[in-house]
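*Asks:* Please see the structure below; I have some questions.
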Amino acid sequence: MKIALVQMDASQTGPTSRMAVMEQATAQAASQGARVIVFPELAVSGYGAGEDIASLAGGPDGDHIRFLTRLASTTGCALVAGLALKDGSRVRNAAVFVTSEGEVSAYYKIHLYGDYEKALFARGEQQPPLVTFEGVRFGLLVCFDVEFPERVRDLAARGADAVLVPTALPKSEAGAFIAGSVIPVRAFENQLFIVYANHCGADARFAYQGRSCLAAPDGQFLARASGDAADIVFADIDITAYDACRAQNPYLEEVMTHCSDLGTVKSKFIQREPDTGS
């Protein structure tokens, strides 16, 4: 199955211009054989839209969902994008998976990053979904979620073959480490594919890391975008091609069978006493 990752230029602001970019990218990716097309976090509004995000957010059957459904129907592809969605009186930071048949699966981001997101969004409260498309089982996360090993391990334990991650990773030394090292480690330690689609460039508030990528179960990159240019990158994923890798690195089997002694994560961190010296 061919996957396309669309790295979007953050300097193009406003839903109208961003939706035009998404429509053009969808047509291009579909013409090159992509079956699943993945866009960044808050792809329509732009991540840095701030207080405007609430007014731009739509409901589960709103304009932005209908837009994605139309693109999926026209091309026959599945689309994955980050959106701001209204959930009653609350606004959620969502990832949606939209098929050409009009089926929509949504996940609300659990791990909101920093004061900026916590001021704009309500935290997600539901377990990330699994979506089966053309025989491949996809999990959904958003940006900061993937930096928690437990989130990816949960999806792997439930049978995910790949995890799709719309993101808005900022430009920094830490961001370079996440895109270059954390993402392939998440793929390797869970023996699945990680699809990580980011913005590049800058808006009025933030600069972005770029470096959208697709990492395979052996920890190798199958596709990587640059750090500074809008692009569409492609990779073919073949689940059975990595059976030997999974047999050699049976992390999930070991966790499920032999890690019951680890218990659960404590609700509070252990507070260490400061070292005052002697």
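Just so it is clear, none of the values below were taken in a lab; they were calculated from the coordinates. If you're wondering where the values come from, they're calculated on a predicted model, not measured in any experiment. For neighbour counting, all protein chains shown are included, and Cβ atoms are generated from backbone atoms with ideal geometry for every residue, glycine included.
*Asks:* Given the options Arg92, Arg153, Arg123, which has the most mean-square fluctuation in a GNM of the chain, springs set between C-alpha atoms less than 10 angstrom apart?
*Replies:* So, out of Arg92, Arg153, Arg123, the one fluctuating most is Arg123.
*Asks:* Ranking request for peptides 201-210, 113-122: highest mean number of other beta-carbon atoms within 10 Å first, then the rest in descending order.
*Replies:* 201-210, 113-122
*Asks:* Please tell me the relative contact order of segment 10-133 in percent, rounded to the nearest whole number, where contacts are Cα pairs under 8 Å and at least six residues apart.
*Replies:* RCO, segment 10-133: 21 percent.
*Asks:* Among Lys109, Lys86, rank each residue by its count of other Cβ atoms within 10 Å, from fewest to most, as a rough exposure measure.
*Replies:* Lowest to highest Cβ neighbour count: Lys86, Lys109.
*Asks:* Please identify which residues in segment 227-263 have an amide N closer than 20 Å to a label point set 7 Å out from the Cα of Ala202, following the Cα→Cβ vector.
*Replies:* Only 227-231 fall inside the zone, counting backbone N under 20 Å.
*Asks:* Send over the semi-axes of segment 62-125's equivalent ellipsoid, whole angstrom and largest first, taken as the square roots of 5 times the C-alpha gyration tensor eigenvalues.
*Replies:* Sorted largest first and rounded, they come to 25, 11, 9 Å.
*Asks:* Classify segment 86-175 from the C-alpha gyration tensor, please: rounded if a/c falls under 1.5, else prolate or oblate depending on whether a/b exceeds b/c.
*Replies:* oblate
*Asks:* Which number gives the lysine pairs in the chain that have C-alpha atoms under 29 Å apart and are eight or more places apart or on different chains?
*Replies:* 12
*Asks:* Divide the volume of the convex hull of the Cα atoms of segment 1-149 by its number of residues and quote the answer in cubic angstrom per residue.
*Replies:* Dividing the Cα hull volume of segment 1-149 by its residue count gives 110 Å³.
*Asks:* For the chain, set up a GNM with springs between Cα atoms under 10 Å and report which of Ala27, Ala215, Ala225 has the largest fluctuation.
*Replies:* With Cα springs under 10 Å in the chain, the top fluctuation among Ala27, Ala215, Ala225 is at Ala27.
*Asks:* Taking 0.36 nm per intervening residue step and subtracting the Cα-Cα distance, what contour gain separates Ala27 from Phe234 on full extension?
*Replies:* Taking Ala27 through Phe234 to full extension adds about 73.1 nm, to one decimal.
*Asks:* So how strong a dipole does segment 2-262 carry about its Cα centre when Lys and Arg Cβ are +1 and Asp and Glu Cβ are -1, to the nearest 20 debye?
*Replies:* Here the size comes out at about 360 debye.
*Asks:* Which percent of Cα pairs goes in each bin when the distances of the chain are cut into 5 angstrom slices starting at zero?
*Replies:* 1, 6, 13, 18, 19, 17, 12, 7, 4, 2, 1, 0, 0, 0, 0
*Asks:* Spelling out what I want: for every residue of segment 124-139, take phi, set θ = phi - 60°, compute 6.51 cos²θ - 1.76 cosθ + 1.60 (Karplus), and round to whole Hz; glycine and proline get x.
*Replies:* x, 10, 10, 4, x, x, 10, 10, 9, 9, 6, x, 9, 9, 9, x
*Asks:* Can you give the calculated 222 nm mean residue ellipticity of the chain, where each DSSP H run of n ≥ 4 adds -39,500 (n - 2.57) and the sum is split over every residue, rounded to the nearest 500 deg cm²/dmol?
*Replies:* -8000 deg cm²/dmol
*Asks:* I'd like the FRET efficiency for Glu254 and Arg137, computed as 1/(1 + (r/R0)^6) with the beta carbon distance as r and R0 of 35 Å, rounded to 0.05.
*Replies:* 0.95
*Asks:* So, one more: Sorting Tyr196, Tyr242 on the 10 Å Cβ count, fewest up front, what's the list?
*Replies:* Exposure proxy ranking, most exposed first: Tyr242, Tyr196.
*Asks:* About its Cα centre, how strong a charge dipole does segment 42-195 have in debye, to the nearest 20, once Lys and Arg get +1 and Asp and Glu get -1 at the Cβ?
*Replies:* 40
*Asks:* When the chain is modelled as a GNM with alpha-carbon springs shorter than 10 Å, which of Gly46, Gly135, Gly82 fluctuates the most?
*Replies:* It is Gly135.
*Asks:* Moving on. In whole percent, what relative contact order does the chain give with Cα contacts below 8 Å and a gap of six or more residues?
*Replies:* Answer for the chain is 19 percent.
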